[in-house]
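Participant: For reference, the structure I am asking about is given below.
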Amino acid sequence: MQQLKTGKGVIIGENVQFGKNVVIWNYVVIGDNTKIGDGTCIGSFVDIGKNVTMGKNCNIQAHVTISNECILGDNVFIAPNSSLLNDKYPKSSMLTSPIVKDNVVIGGGVTVLPSVVLGEGSVIGGGSVVAANVAPEKVLMGVPAKEVMTKKEYEAKREAFLKAKQDKR
């Protein structure tokens, strides 16, 4: 089993469980009783709350906030400056954290509000505010986030973009 790799200034709470090959960059805070799955990479300046469960092979980029009790599936990607919030009525004692299913992509600067479930394979465009559950394999964008295409359409556009970029070289 490979050891945990951590950068400078990482603070790890009590009873935190790490899978194999986890990498944590600089100045990350991880709350008590959190579980982080195999192969997950956590960028600098990330704040992970207490009782968070994170699946395998997640990529959490810099300046992300994952509030207490959030659940993330496997292969979740969260771009910089995004937040998963857990308190619908701030300063309440009833947390209702988001659930992020497997293979979800969350763009930069996204806010996911409490109680929201992001369905498997969904994609959330950068800068969006997600206030309602997202169906599997759907792509949402905007404030509030609304469905703009299917994951299949998204993948086709992504491939066309990459091909055009490659052709310019």
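The values are calculated or read from the model by the stated rules, or taken from the named source; none is laboratory data. Please read these numbers as outputs of a predicted model, since none were measured by experiment. Every residue, glycine among them, receives a Cβ derived from its backbone with ideal geometry; neighbour counts consider all protein chains shown. For accessibility, only protein heavy atoms count, side chains too; no ligands or nucleic acids. Shrake-Rupley method; radii C 1.70, N 1.55, O 1.52, S 1.80 Å.
Participant: Of everything in the range 1-35, what is open to solvent by 40 Å² or more (accessible area, probe 1.4 Å), within 19 Å of Asn68 (Cα to Cα) and not β-branched (Val, Ile, Thr)? Give them in sequence order.
Facilitator: Scanning the range 1-35 gives Glu14, Asn15, Gln17, Phe18, Tyr27, Asp32, Asn33, Lys35.
Participant: Ok, one more. (1) more than 11 Å from the chain's Cα centre (by Cα); (2) open to solvent by 10 Å² or more (accessible area, probe 1.4 Å); (3) under 26 Å from Glu153 (Cα atoms): which one isn't true of Asp102, the others all being true?
Facilitator: Among (1) more than 11 Å from the chain's Cα centre (by Cα); (2) open to solvent by 10 Å² or more (accessible area, probe 1.4 Å); (3) under 26 Å from Glu153 (Cα atoms), Asp102 violates only (1).
Participant: Can you spot a residue in the range 36-56 that is within 26 Å of Glu137 (Cα to Cα), open to solvent by 70 Å² or more (accessible area, probe 1.4 Å) and at pLDDT 95 or above?
Facilitator: Yes.
To keep it simple, each residue is scored yes or no on (1) without any contact (Cβ under 8 Å) to a residue 24 or more places away in the chain; (2) closer than 25 Å to Ser128 by Cα; (3) out of contact with any His (no Cβ under 6 Å at 6 or more places or on another chain).
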{"position": "Cys41", "(1), (2), (3)": "yes, yes, yes"}
{"position": "Asn51", "(1), (2), (3)": "yes, no, yes"}
{"position": "Ala62", "(1), (2), (3)": "no, yes, yes"}
{"position": "Asp87", "(1), (2), (3)": "no, yes, yes"}
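Participant: Considering only residues of the range 112-134 that are of a type outside the set (A, V, I, L, M) and under 22 Å from Pro80 (Cβ atoms), which is surrounded by the fewest Cβ atoms within 10 Å (Cβ to Cβ)?
Facilitator: Applying the first criterion (of a type outside the set (A, V, I, L, M)) to the range 112-134 yields 114-115, 119-122, 125-128, 133.
From what is left, the residues that are under 22 Å from Pro80 (Cβ atoms) are 114, 121-122, 125-128.
Working: Pro114: 20, Gly121: 21, Ser122: 25, Gly125: 19, Gly126: 14, Gly127: 16, Ser128: 23.
Top of the filtered list is Gly126.
Participant: Taking Val148, is it farther than 22 Å from Ala62 by Cβ, open to solvent by less than 60 Å² (accessible area, probe 1.4 Å) and outside any loop (DSSP other than H, G, I, E, B)? Lay out the reasoning, then the answer.
Facilitator: Values: farther than 22 Å from Ala62 by Cβ: yes; open to solvent by less than 60 Å² (accessible area, probe 1.4 Å): no; outside any loop (DSSP other than H, G, I, E, B): yes.
Answer is no for this residue.
Participant: Any residue at all in the range 135-144 that's touching a strand residue (DSSP E or B) at 6+ places or on another chain (Cβ under 9 Å), open to solvent by 40 Å² or more (accessible area, probe 1.4 Å) and in contact (Cβ under 8 Å) with a residue 40 or more places away in the chain?
Facilitator: The answer is no, given that none of the residues of the range 135-144 is touching a strand residue (DSSP E or B) at 6+ places or on another chain (Cβ under 9 Å), open to solvent by 40 Å² or more (accessible area, probe 1.4 Å) and in contact (Cβ under 8 Å) with a residue 40 or more places away in the chain.
Participant: Still on this model: Which of the residues belonging to the range 66-77 are more than 9 Å from Asn103 (Cβ to Cβ) and more than 9 Å from the chain's Cα centre (by Cα)?
Facilitator: Answer for the range 66-77, where residues must be more than 9 Å from Asn103 (Cβ to Cβ) and more than 9 Å from the chain's Cα centre (by Cα): Ser67, Asn68, Glu69, Cys70, Ile71.
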